[in-house]
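Accompanying notes for the structure given below.
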Amino acid sequence: MGKFVTFILLWIYGSLIIQIIKGSESTLVIDGDVIIAGLFKLQTAEGGECGEVDVPSVLSMEAVKWYIEYINNQGNLPFKVGFRYYKTCGKKDVTREHAADIVYRYHINNSSDFIVGVIGPELSSESTAASSVFSAQPSLDRFIQISYSSTSTELNNRDDYPNCYRVIPDDNVQIEAMVQLMIELEWNRVSILFENDAYGRDGAAILQKHALKNNICVPRMDAINIDESRRVDVNEVKTILEEIIIQSPHITAVVYIGSKTVANTILRIAEKQDYNVVPIFLLSESIQLQNDVFQSTSGTTLKKPRGAMTLSAPLLSTTTTEIFWNKMKSILSNDAALLQAIGSNQYLAEVVNIYSGQCTIQPINCPGLTNTQIGQLVSDRSPYVNYALLAAVTMVETLKETYSTKCQNTVCVNIGQFKNDFKPRYMLDVMAGMTISLDDIVGTFTASSPNIQYASMSRLYDVYNYRTNPTDNSMFTFVNVGYLSNDVMLIDKEKIRDYDADAIEKRHPNLRRGTCPRNDKCDECIMDDLKDYYFHIPGDFYIIGIASINNRAIPGPLGCGSVRTRHGYQMFLTMKFALTEFQTRISYSQYKSWFADNTIGLIVVNSCNNALEIVRRILHLHSKGLTLSDGTHIDVTDRVLGYIGGQSTDVSEPAALQLTKLKFVQISYSATNPILSNKEAYPYFMRIITPDNVQAKALIAVVKQLKGKYIQVVYSEGAYGEGGRNAVMEEAKANLICIAQDIKVYESETYYEYYEIMRKKPHAKIVIIFLRSHVVNPFMRDVAASNMETGEFQFLGSEAWGTNSDLLQYDITRGAVIVAVEMDKYRDLEEFLQGQLPTFHELNPWLIEYVQTRQNCYYRWSFDKSFTRQCTADTLPSSELNFRSDPWCIFAFNSLLSLLKGSSTFFKDRCGSNVKAKLCKDYVNYPNDLVEIMRKVRMNIYGDGDILIYDKQGDGLMGYKIYNIHDQPDDKSKRTYSQVGSYSLSTGLLFDVQQVKYPTLNPIVSSCPSTIACQDCQESSDDGTTPQPTVEQSSSGTVIILGVCIGVMIVIMVVLSLCLFKYWRITNKPPDDYITPQFLEERQSADGRHNMVLDEGASQKDHSENVF
């Protein structure tokens, strides 16, 4: 009943479309019991009409026709297969008309023209149009449609196109080949130009997604609009090309996805324009390796597009395909055979005429081709031709299997019985599970996908370069230069040729590349969220690392600023290396096993050295999770073992506040502010380094040994600098040392003004530098540039100065004394850090930014080429003979390993061996217990055995090494660091004062300019000292006295008497032996003038180990 209703509706509809169907050009070229229909372009679409002959299409039809004749002649089929072809000219509306005609023929039950399936059409836009007609039929009446050239992934939608199959790889494979090719050729900035149809839109969208995933920038995508007749607007194309080439920075490479006809239009327009440069093109497989794509209307080879790259599905070369081509050669070379072939395929005459120029169509007179002409035709053959033959094989084998399936339980008396019972759906049912073989090529099909799955094909996609013919330099042709195999692109770059605007040939490595132009900065390609980037190593459980890859934004408060060249990126690398050591070193295998086969991953957060940013990012990570560049979402709930970092107190303290609320253990590798020792406020905070109150003792002990009584303190704004300044002030007060002025340094681009501030107190020649690590170098650079004289001041640097070799370049650092905290370097870590250099396909965007900024150079694939020179082997860290890692790297290394040792022990005790992928509640809910475990962790940080590294407060137990900067003995123009002492709570200060080299030949004198200036620093109190007055207070008192003298002239004699009396008391005050230089000299004499002095003020707390 349903079929009858459909028939009546089609009959009525047929009367309305009869004229269209009459105009539906089709030809039955092979009669048969069952008919295979073919949809072929045969001609290009030009101006709304069918234009020139399409050579690949005509030959593809010949391949289908040949195979059907070939299989019929074999005599192994229970029926004869016929063939009817339809000409589409590549137009969707015509294709739909033909599809309607096929459906109509089926429903009128024409036994003499019994269509069972459709091969084609060629274009993806045509295939979707045809499928929309076939799929609209009732399920049993849907024709199978096998394409040999439609590659759009849109056809993978089984809901919309359930009848479609194809024997050519889809665009997912092509796009993968495109991306891998660009990576191999070092292209990372391209424009995508695409034809605005199903094939172009789909391919462009997939390419953009995969390009961005692989760090390939796509600054613009442009659609070439086409009408129903596949015509383009030339002015639109011209405008797009002008914008691509003229825009700044201009684009140097264009990827085109679309038909060969439109490709030729684009290249001809590019040829005609008066551009100094033309981008290099990468063309999609749809140009079919056709030379005419690169030819003008007159047939000459275009100059500017030479050197282009293109892709192609691999050429199917088998015994059967070779039989076909040999047959074609014999037909094309024989006048009589050619005339007979043209009788069933009139378009073949036009193909022959292209190569011979001797054919006439009316009447047909077409001499056979010469061997040379045939050779040219065969060399020009499209890959699609062999795939068309494979589509014919697939259709015939499916038909044969369908016949066998339907006739297996009953004897089909004749083909008529099969036809009476046949439904098009039967072919689709059989196709879902078919295995097809064409000689040694084997492929299978499933119901869930339209794509053939090849059993073993080593070449998934081929790469060609349009260049001079290797055997004839006067001609241009496509030369195979590589292929994609198992997601690996294999390219022979020595085969590639490129050409400049003057047609001068270029070879590797001087090929044009799709990159940012020299001297430009391609901001559109630099990740907007680069500073929000999270580094990720997958795992079941995670260590979260905090590293300051960037400085904070200036003026702020939110945001990130410039890349840090010290104390930043190497911290991240160190964490990555430490995790690898834990996973691979035998010495950690026991701890690794305690995680019960759960893997350990790493997430590194860029704090940007900004308190607000680190808080925001921690909260985002734990509330939103982590979304990777490929869209994968990572939920870290109940998967975090603990945190490592941050570096400075300005980051570590706000992080500790949040992590206390979130109940995570945090180990900092370099935050030193004593405030973090407050266990009530920060119960889960630990650090491997000793806090600043101990460092302040060391600094002031050194000041005393240098006989400093009147000093300055220069400190950074923020928790680190201000905490250090407070500790130094307190220690100075306890030791009766006057602070002439304390100078707060605000983070800025320049620091010139601070030199003049220091000069306001010229007698305070010892200057303690308590600046943040990334500020020390620019501060000293600008002070040195302010014409400061050597010896004007002697600097005493805190641990943030360390043994930074960059500071040795400034003369003013000569004689500086540095209090540095150090661990022994680990050689493997040093080699790892030095060897980390960017590669073109580096997916971690931090690395190239760090190296370029550090070395002041650019890579040829960089998006920022505003640096003064190109990075070469001799300008990179790997070539530095005296490469030294950031001093904090080894601290980060041991911090992370200590956390893994402690957390694995805690996990074993609390979670056991049955917990997978999620931490147990006893681990998550009891961070205090983990802290207790961590306090017992022992590490071999000095190479002489495991020792405790945390005290009962969770602070580090390390001491300090004292260094002095002086000229190198063999080169007075260079400076170096030499150790002159050490300090720890257990030993106090050990200082070889006679080995200290001063800024000048004589020791610096840093003493009070007058008794009044320092009198309050040295007045006695209950403990022999008084609170330190400022110099400004003394000056203010003098001004008040003078004012009173002037205002009360009538009592001037009384005032003078009082002043004289006070002066008499001061000058006759008994000497304080404890604080006079004479006493110190006498004490040194009494001690035998020891070179190594044990500071009496050092605390003798009970620490069993001597760390130095």
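The values are calculated or read from the model by the stated rules, or taken from the named source; none is laboratory data. Predicted model, so just to flag it, every value in this text is computed and none were measured. All Cβ positions, glycine included, derive from the backbone under ideal geometry; neighbour counts span all protein chains shown. Surface accessibility is based on the protein's heavy atoms, side chains included, excluding ligands, DNA and RNA. Shrake-Rupley method; radii C 1.70, N 1.55, O 1.52, S 1.80 Å.
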Margin query: Calculate log10 I(q)/I(0) of region 595-678 for q = 0.17, 0.21 Å⁻¹, where I(q) comes from the Debye formula with a single equal point scatterer on each Cα and nothing for solvent.
Written below: -0.73, -1.04
Notebook entry, point to check: Which Rg and Dmax, in Å, describe the Cα atoms of region 777-834?
Noted result: 14.0, 42
Notebook entry, point to check: With axes computed from alpha carbons, what is the tilt in degrees of helix 2-22 against the longest principal axis of the chain, rounded to the nearest 10 within 0 to 90?
Noted result: 80
Item checked: Global geometry of region 470-530, whether rounded, prolate or oblate, following the gyration tensor of its Cα atoms and the 1.5 cut on a/c -> oblate
Check: Per residue, what volume in Å³ does the Cα convex hull of region 878-927 take up?
Finding: 115
Next item on the list: Give the carbon-plus-sulfur fraction of the accessible surface of region 474-563 in %, rounded to a whole number; probe 1.4 Å, heavy atoms of protein chains only.
Entry: 48
Item checked: region 28-179 shape via C-alpha gyration tensor axes, a/c threshold 1.5 -> rounded
Next item on the list: Return one quarter of the surface area of the convex hull spanned by the alpha-carbon atoms of region 142-192, equal to its mean projected area, in nm².
Entry: 4.5
Item checked: At q = 0.11 Å⁻¹, base-10 log of I(q)/I(0) for region 160-269 (Debye sum, equal scatterers on each alpha carbon) -> -0.38
Item checked: 5 angstrom amide H check on residue 797, placed H, neighbours 5+ away -> 769, 817, 818, 819
Next item on the list: Sort 620, 536 by accessible area with a 1.4 Å probe, largest first.
Entry: 620, 536
Item checked: the chain: calculated mean residue ellipticity at 222 nm from DSSP helix runs of at least 4, using -39500 (n - 2.57) -> -11500 deg cm²/dmol
Check: Considering only protein heavy atoms and a 1.4 Å probe, what is the carbon-and-sulfur percentage of the accessible area of region 217-290?
Finding: 44
Check: For region 655-776, which whole percent of the accessible surface, found with a 1.4 angstrom probe, sits on carbon and sulfur atoms?
Finding: 48
Note to self: Calculate log10 I(q)/I(0) of region 933-986 for q = 0.17, 0.20, 0.21, 0.32 Å⁻¹, where I(q) comes from the Debye formula with a single equal point scatterer on each Cα and nothing for solvent.
What the structure shows: -0.69, -0.79, -0.83, -1.17
Note to self: Below 20 Å, Cα to Cα, which lysines can residue 92 reach? Residues fewer than 8 away in the same chain don't count.
What the structure shows: 22, 41, 260
Note to self: As a test question: what accessible area, to the nearest 10 Å², does residue 243 have when a 1.4 Å probe is rolled over all protein chains in place?
What the structure shows: 80
Next item on the list: Past 25 Å, Cα to Cα, is the threshold; run 679/961; 65/91; 213/495 against it and keep the listed order.
Entry: 679/961; 213/495
Note to self: If I ignore ligands, DNA and RNA and count only protein heavy atoms, how much of residue 756 is accessible to a 1.4 Å probe, in Å² to the nearest 10?
What the structure shows: 100
Next item on the list: Would you list which aspartates and glutamates come within 17 Å of residue 272, measuring only between C-alpha atoms, while excluding same-chain residues fewer than 8 positions from it?
Entry: 233, 236, 242, 243, 292, 500, 502
Notebook entry, point to check: What do the square roots of 5 times the Cα gyration tensor eigenvalues come to for the chain, in whole Å, largest first, as semi-axes of the equivalent ellipsoid?
Noted result: 84, 32, 24
Notebook entry, point to check: With every protein chain left in place, what is the accessible area per residue of the chain in square angstrom, probe 1.4 Å?
Noted result: 42
Notebook entry, point to check: Which whole-Hz ³J(HN,Hα) couplings does region 449-456 yield from phi under the Karplus relation 6.51 cos²θ - 1.76 cosθ + 1.60, θ = phi - 60°, glycine and proline marked x?
Noted result: 9, x, 8, 5, 10, 6, 5, 8
Note to self: Apply the a/c threshold of 1.5 to the C-alpha gyration tensor of region 460-598 and tell me whether it is rounded, prolate or oblate.
What the structure shows: oblate
Check: If the cut-off is 19 Å between C-alpha atoms, which lysines fall inside it for residue 493, apart from same-chain ones fewer than 8 positions away?
Finding: 506
Item checked: Qualifying chymotrypsin sites (Phe, Trp or Tyr not before Pro) in region 685-777, DSSP loop, other Cβ atoms within 10 Å at most 13 -> 746, 752
Next item on the list: Could you pull out the pairs from 707/761; 765/972; 238/865 whose alpha carbons sit more than 26 Å apart here?
Entry: 238/865
Checklist line | Estimated D of region 358-404 in µm² per second, where Rh is the Kirkwood radius over Cα pairs and Stokes-Einstein applies at 4 °C, 1.567 mPa s | finding: 94
Note to self: Angle check, please: helix 649-662 long axis (alpha carbons) against the longest principal axis of the chain (alpha carbons), in degrees 0 to 90, nearest 10.
What the structure shows: 70
Notebook entry, point to check: Which pairs break 25 Å Cα to Cα here: 661/733; 744/825; 760/974; 592/916?
Noted result: 661/733; 744/825; 760/974
